[in-house]
Amino acid sequence: MDITKPVQIKDAYSKVAAMLQDRGLWAVINNAGVLGFPTDGELLLMTDYKQCMAVNFFGTVEVTKTFLPLLRKSKGRLVNVSSMGDIAGTSDKWEKLEKDILDHLPAEVQEDYGQDYILAQRNFLLLINSLASKDFSPVLRDIQHAISAKSPFAYYTPGKGAYLWICLAHYLPIGIYDYFAKRHFGQDKPMPRALRMPNYKKKAT
């Protein structure tokens, strides 16, 4: 089901309601989400922002609003799945997204960031991919607990180290958190050209 298409959501609701007849639905799990090419906000295309909001926010809201009447009948569970990333794509996928960004960036923005900075993002994503767990069982266990436990938790943080990073982001000053995140994930990632050479434009003229 494409949750950005209201017609498909209504069709799914009609089919589920017909199967349940007068009974309620016990659980709805909102698991749809897209990430795109995670990079600096200025580099992203507006289409990336719109797609992200269409799926991750508006689609989730519409599915929830549509199925809430069935959930109320059973006093069931609504589970929203989010993440600090998504299922990582292949290098071919990142290369295509990277090319789309470079093809649409104004020349001045490319100059300020430097092509080496933009291209390094793909290497960073491949590094993250190598660090990611291939075991989805912690996620599945938490979802099972959320829909079946007598007293489910308000939040779940499956995955090794996930809770730690959330705590660090919540309690540490942003500068200290960024320092640890850079040391762990992106110590070899270059800075944008304009930050490496604050006066490079003046020198060029």
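Since every read-out is calculated from the coordinates, none of them should be taken as a lab result. Every value quoted in this text rests on a predicted model; they were computed, and no experiment measured them. For neighbour counting, all protein chains shown are included, and Cβ atoms are generated from backbone atoms with ideal geometry for every residue, glycine included.
Here are a few things to note about the model shown:
- Electrostatic dipole magnitude of the chain [Cβ: Lys, Arg +1; Asp, Glu -1; Cα centre; debye, to 20]: 800
- Inter-site label distance for ASP178 and LYS150 at 7 Å from Cα along Cβ, in nm: 4.8
- Remark: the chain projects, on average over all directions, an area of 14.7 nm² (convex hull of Cα atoms).
- The aspartates and glutamates within cross-link reach of LYS5, meaning a Cα-to-Cα straight distance under 17 Å and a gap of 8 or more places when in the same chain, are GLU62.
- Dipole moment magnitude, nearest 20 debye, segment 1-88 about Cα centre, only Lys, Arg, Asp, Glu C-beta charged: 720
- Highest GNM mean-square fluctuation among GLY36, GLY59, GLY114, for the chain modelled with Cα contacts below 10 Å: GLY114.
- Other-chain or far-sequence residues with amide H under 5 Å of ALA27's (modelled H): ARG77
- Entry note, the chain: the mean residue ellipticity at 222 nm calculated from DSSP H runs of n ≥ 4, each adding -39500 (n - 2.57), is -17500 deg cm²/dmol after division by the residues and rounding to the nearest 500.
- Under the span-like rule (Cα at least 15 Å along the axis, Kyte-Doolittle mean at least 0.0), DSSP H helices of the chain: 6-20, 60-74, 115-131, 137-148
- Exposed loop sites were defined as trypsin sites (Lys or Arg not before Pro) in DSSP loop states (anything but H, G, I, E or B) carrying at most 10 other C-beta atoms within 10 Å; in the chain the longest segment without such a site runs 1-74.
- Spin-label pair HIS170/VAL34, simplified geometry with 7 Å Cα→Cβ offset, distance in nm: 3.1
- Modelled spin-label separation between ARG72 and ALA54, with each label point placed 7 Å from Cα along the Cα-to-Cβ direction: 3.0 nm.
- With the charge dipole of the chain set up from +1 on Lys and Arg Cβ and -1 on Asp and Glu Cβ about the Cα centre, the Cα lying farthest toward the positive end among the listed residues VAL109, GLY33, GLY159 is that of GLY159.
- Segment 15-36 versus segment 105-123: alpha-carbon centroid distance in Å: 42
- For the residues TYR117, TYR13, TYR171, a GNM of the chain with alpha-carbon springs under 10 Å puts the largest fluctuation on TYR171.
- Unsatisfied cross-links (Cα-Cα over 20 Å) in the set LYS134/LYS189; LYS134/LYS160; LYS10/LYS65; LYS10/LYS73; LYS73/LYS150: LYS134/LYS189
- Choice from GLN21, GLN121, GLN51 showing the highest fluctuation, given a GNM over the chain with Cα pairs closer than 10 Å: GLN21
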